[in-house]
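Just below is one structure, and these are the notes that go with it.
The values are calculated or read from the model by the stated rules, or taken from the named source; none is laboratory data. Computed from a predicted model, the values in this text were never measured in an experiment. Here the Cβ positions follow ideal geometry from the backbone for every residue, glycine too, while neighbour counts run over all protein chains shown.
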Amino acid sequence: MFRSPIVAAAALILASAGCTAHVLDPVAAPPTASSRWTLAWSDEFDGPAGTRVDPERWVTAMGGNGWGNNELETYTDHAENASLSGDGQLVIRALREHYQGADGIAREYTSARLKTQGRFEQMYGRFEARLQIPRGQGLWPAFWMLGANIDAVGWPRSGELDIMENIGKEPATVHGTIHGPGYSGAESIGGAYTLPGGAAVADAFHVFAVEGEPAVIRFYVDDTLYETRTPADLKPGQAWVFDHPFFLLLNVAVGGNWPGNPDASTVFPQTMRVDYVRVYTAARP
């Protein structure tokens, strides 16, 4: 996750270049997803067990530099950290193991961080994943987006949109967040969703989604709309930086400023299972 020195966030918004989209009233409840969106890109993670992710869809990020958040893991390209299950899922594994990567940094945990940068980027649309998150103090799974212009303008001017983040010490709650210039890290804007009855998010698969259109971003868990953000939420002089293509990221971080570090109660390995990732564009009227 490309985070601030205090809190890292994740993710952004996308949609296919050249696609036209109509503006919805951000206050009104939108129509059902099936009637509003057309599938534009997906990964269903079909393939033999142990197979690595499709390199035409995903890039594997590597390194143990803390990622701006004092994280404790090294991200690798090992199949042990990210591979297909053989029954239609991607499995990202956080392992407790001593490892020194090519960057020369020795860490006591490994994990995986995957992104579609340079493979798939989109402006506006619906971005969703069905996944089951890991559990435990110090675990930090995320499904998120970053602006495709990040290499040119840097973060947070590129924008970041966190579709789903969870920290292990909040087992029933996920967070959806936007980051931009002047409203990143601890000053970011978003909301949280707690499962009914306080059930642990890690107990089952859930669908996490964001819908982005000009001047509105909506956050969902299992098709329940729980947060809507617009430029009206920004302070005077702050820029809305979500009207350009974004790419997707999936990762499981270990430790960091926000979740805190693992403790004696944390069990390893921990896994995030991803059933699918799907991206939609607005259906033509």
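Listed here are the residues, each with its yes/no results for (1) modelled with pLDDT under 95; (2) in a strand (DSSP E or B); (3) surrounded by 23 or more Cβ atoms within 10 Å (Cβ to Cβ).
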| residue | (1), (2), (3) |
| --- | --- |
| PRO48 | no, no, no |
| VAL53 | no, no, yes |
| ARG57 | no, no, no |
| ASN70 | no, no, no |
| SER83 | no, yes, no |
| ARG96 | no, yes, no |
| GLY104 | no, no, no |
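Among the residues of the stretch 95-111, are any under 20 Å from SER42 (Cβ atoms), under 16 Å from the mean Cα position of the chain (by Cα) and not charged (D, E, K, R)? Break it down stepwise before answering.
First pass over the stretch 95-111, keeping only residues under 20 Å from SER42 (Cβ atoms): none.
No.
Just checking: which of the strands (runs of 3 or more DSSP E) contained wholly in the stretch 160-244 hold 2 or more residues that are closer than 21 Å to ASN149 by Cα?
Where strands (runs of 3 or more DSSP E) fall fully within the stretch 160-244 and carry at least 2 residues being closer than 21 Å to ASN149 by Cα, they are 160-165, 173-179, 206-213, 216-221.
For PRO196, state whether it is of a type outside the set (Gly, Ala, Ser) and over 15 Å from the mean Cα position of the chain (by Cα).
When the stated conditions are applied, PRO196 passes them.
Kindly check whether there is at least one residue in the stretch 250-259 that is more than 26 Å from GLY68 (Cα to Cα) and either among the small types (Gly, Ala, Ser) or in contact with a helix residue (DSSP H, G or I) (Cβ under 9 Å, 6 or more places away or on another chain) (or both).
no
Do we find a residue being within 19 Å of ALA142 (Cα to Cα), of a type in the set (A, V, I, L, M), touching a Ser or Thr at 6+ places or on another chain (Cβ under 9 Å) and surrounded by fewer than 20 Cβ atoms within 10 Å (Cβ to Cβ) anywhere in the stretch 190-205?
yes
Against the conditions (1) without any contact (Cβ under 8 Å) to a residue 60 or more places away in the chain; (2) out of contact with any strand residue (DSSP E or B) (no Cβ under 6 Å at 6 or more places or on another chain); (3) over 13 Å from HIS206 (Cα atoms), where does LEU195 fall short? Just the number, please.
For LEU195, the failing item is (3).
Of all residues being touching a Ser or Thr at 6+ places or on another chain (Cβ under 9 Å) and part of a strand (DSSP E or B) in the stretch 246-269, which is farthest from GLN137 (Cα to Cα)? Just the residue, please.
By that ranking, first place goes to PHE246.
Of the residues TRP140, TRP144, which single one is buried (at least 16 other Cβ atoms within 10 Å of the Cβ), touching a Pro at 6+ places or on another chain (Cβ under 6 Å) and part of a strand (DSSP E or B)? Full working, then the answer.
On the way: TRP144 fails: touching a Pro at 6+ places or on another chain (Cβ under 6 Å).
That would be TRP140, the only listed residue that is buried (at least 16 other Cβ atoms within 10 Å of the Cβ), touching a Pro at 6+ places or on another chain (Cβ under 6 Å) and part of a strand (DSSP E or B).
Scanning for something in a loop (DSSP other than H, G, I, E, B), more than 24 Å from HIS179 (Cα to Cα) and either within 16 Å of the chain's Cα centre (by Cα) or modelled with pLDDT of 95 or more (or both), does the stretch 15-26 turn up at least one residue?
There is no residue in the stretch 15-26 that is in a loop (DSSP other than H, G, I, E, B), more than 24 Å from HIS179 (Cα to Cα) and either within 16 Å of the chain's Cα centre (by Cα) or modelled with pLDDT of 95 or more (or both).
Any residue in the stretch 255-269 that is of a type in the set (S, T, N, Q) and under 24 Å from GLU128 (Cα atoms)?
Checked against the condition, which is being of a type in the set (S, T, N, Q) and under 24 Å from GLU128 (Cα atoms), the stretch 255-269 yields no hits at all.
When you go through GLY191, GLY212, GLY256, GLY180 one by one, which is the residue that is in contact with a Gly (Cβ under 9 Å, 6 or more places away or on another chain), modelled with pLDDT of 95 or more and on the phi > 0 side of the Ramachandran plot?
Exactly one of GLY191, GLY212, GLY256, GLY180 is in contact with a Gly (Cβ under 9 Å, 6 or more places away or on another chain), modelled with pLDDT of 95 or more and on the phi > 0 side of the Ramachandran plot, namely GLY256.
What are the pairs with Cβ atoms under 6 angstrom where one residue, in the stretch 203-219, is more than 15 Å from TRP240 (Cα to Cα) and the other, located anywhere, is of a type in the set (Phe, Trp, Tyr)? Sequence gap at least six, or different chains.
Matching pairs, first to second residue: PHE208/PHE143; ALA209/TYR220; VAL210/PHE127; VAL210/PHE219; PHE219/TYR226.
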